[in-house]
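The block underneath contains the structure these notes are about, expressed in structure tokens.
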Amino acid sequence: MQSNNQCNEQPEVFANISEFWSIQLNNEIYLRNHKNVVRGSKQYFDIILTARKKYLYYLGDVINYLKTIPSRNLLEVGCGMGTDALVFAKEKFHVTGIDLAPGHLELAERLFNLYHESGIFRYGNAENICFSNQTFGCVYSLGVLHHTPDTQKAINEIYRVLIPGGRAVIMLYNKFSLNNFAHWITRRGFENAKGQTDAPVTQRFTKREILAMCSNFHSCNISVEYLFGAGWGKFYDFMPRYIYRFLSKWIGWHLVIYLQK
């Protein structure tokens with residue numbers, strides 16, 4: 001295992017990323033109509049977990065894919081406040097989460113305590129994962145690696161820490177998507193649509209680029225999902241689900257990458 005000192009050495013860009021995500025807490029977009037909820041309370045997490053289940057409709061497919069590996073030792077790269085990690089823990093995975101934002105890690109610990117689940121949460125960088133080779137049977141990273149400067153390096157790190165035959169699921173933003181086009185037209189931030197400071201790094205990828213970045217893996221299958229989410233407000237609720245799912249497969253915002261080492 002690498003030394004903690006080496007793992008904690010971060011260039012300025014990572015300090016900026018850490019600061020941004022400690023302020024712009026992931027998932028708080030779901031609280032726009034619940035302004036009086038106390039951060040870190042049971043009500044706070046209940047609202048977020050319910051919304052996460054509503055919008056992240058393909059998480060069940062991800063869990064089923066990762067369940068097939070005998071090792072339930074799972075690493076989440078960019079665990080945020082632990083909402084998806086909690087779902088995995090309830091499915092009997094042994095969860096370890098790393099994240100650059102201390103604000104996220106504090107909430108993840110709080111979440112697991114409130115729901116009486118076990119998990120390990122550590123400060124960590126996707127481009128320099130502080131675990132030995134072949135440590136995990138599964139790796140999960142949703143909406144994270146497009147926010148790091150060298151996504152290829154992060155994917156290589158995931159490959160390194162997986163056991164032979166281990167599986168990973170990664171989600172990256174789709175360059176050829178309705179959401180990307182809408183943000184280009186409106187000039188709104190990807191992670192802060194209010195026009196304030198946006199995430200220091202936000203990349204978008206094509207399927208061809210992803211296949212090249214994941215060429216070390218034995219298999220790589222990409223599913224296009226998630227036309228748009230909570231940021232589109234009532235428009236999401238009014239759109240018929242069959243139309244939403246159909247369009248998601250063509251111009252969805254999420255490229256969900258199913259990998260096996």
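Among the conditions (1) farther than 28 Å from S22 by Cα; (2) in contact with a Phe, Trp or Tyr (Cβ under 9 Å, 6 or more places away or on another chain), L247 misses just one, which is (2). Elements of the type helices (runs of 4 or more DSSP H) sitting completely within the range 174-258 and holding at least 1 residues that are in contact with an Asp or Glu (Cβ under 9 Å, 6 or more places away or on another chain) and not basic (K, R): these cover 241-251. Give the residue that is farthest from H254 (Cα to Cα), with candidates limited to residues of the range 42-83 that are assigned to a helix (DSSP H, G or I) and of a type in the set (S, T, N, Q). Only one residue fits best here, namely Q43.
The residues of the range 109-149 that are over 16 Å from the mean Cα position of the chain (by Cα), assigned to a loop (DSSP other than H, G, I, E, B), more than 20 Å from T83 (Cα to Cα) and of a type outside the set (F, W, Y), listed by number, are C130, S132, N133, Q134, T135.
Picking from Q24, Q43, which residue would you name as being modelled with pLDDT of 95 or more and either within 14 Å of the chain's Cα centre (by Cα) or more than 18 Å from S118 (Cα to Cα) (or both)? Q43 is the lone residue from the list that is modelled with pLDDT of 95 or more and either within 14 Å of the chain's Cα centre (by Cα) or more than 18 Å from S118 (Cα to Cα) (or both). Every condition in (1) of a type in the set (D, E, K, R); (2) loosely packed, with under 15 Cβ neighbours inside 10 Å; (3) not in a helix (DSSP H, G or I) is met by R167 except one, and the failing one is (2).
Let's see how each residue does on (1) among the β-branched types (V, I, T); (2) under 20 Å from L255 (Cα atoms); (3) modelled with pLDDT of 95 or more:
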| site | (1), (2), (3) |
| --- | --- |
| R122 | no, no, yes |
| N128 | no, no, yes |
| F136 | no, no, yes |
| L142 | no, yes, yes |
| T148 | yes, yes, yes |
| Q152 | no, yes, yes |
| I158 | yes, yes, yes |
| L162 | no, no, yes |
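Residue by residue, here is whether (1) crowded, with 16+ Cβ neighbours inside 10 Å; (2) touching a residue at least 60 places away in the same chain (Cβ under 8 Å) holds:
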position	(1), (2)
N179	yes, yes
I185	no, no
G189	yes, no
R204	yes, no
R208	no, no
L211	no, no
F217	yes, no
N221	no, no
L227	yes, no
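The residue that is surrounded by the fewest Cβ atoms within 10 Å (Cβ to Cβ), among those in the range 40-58 that are under 21 Å from E106 (Cα atoms) and either touching a residue at least 24 places away in the same chain (Cβ under 8 Å) or in contact with a Lys or Arg (Cβ under 6 Å, 6 or more places away or on another chain) (or both), is K42.
The values are calculated or read from the model by the stated rules, or taken from the named source; none is laboratory data. Predicted model, so just to flag it, every value in this text is computed and none were measured. Note that each Cβ is placed from the backbone with ideal geometry, even for glycine, and that neighbours are counted across all protein chains shown.
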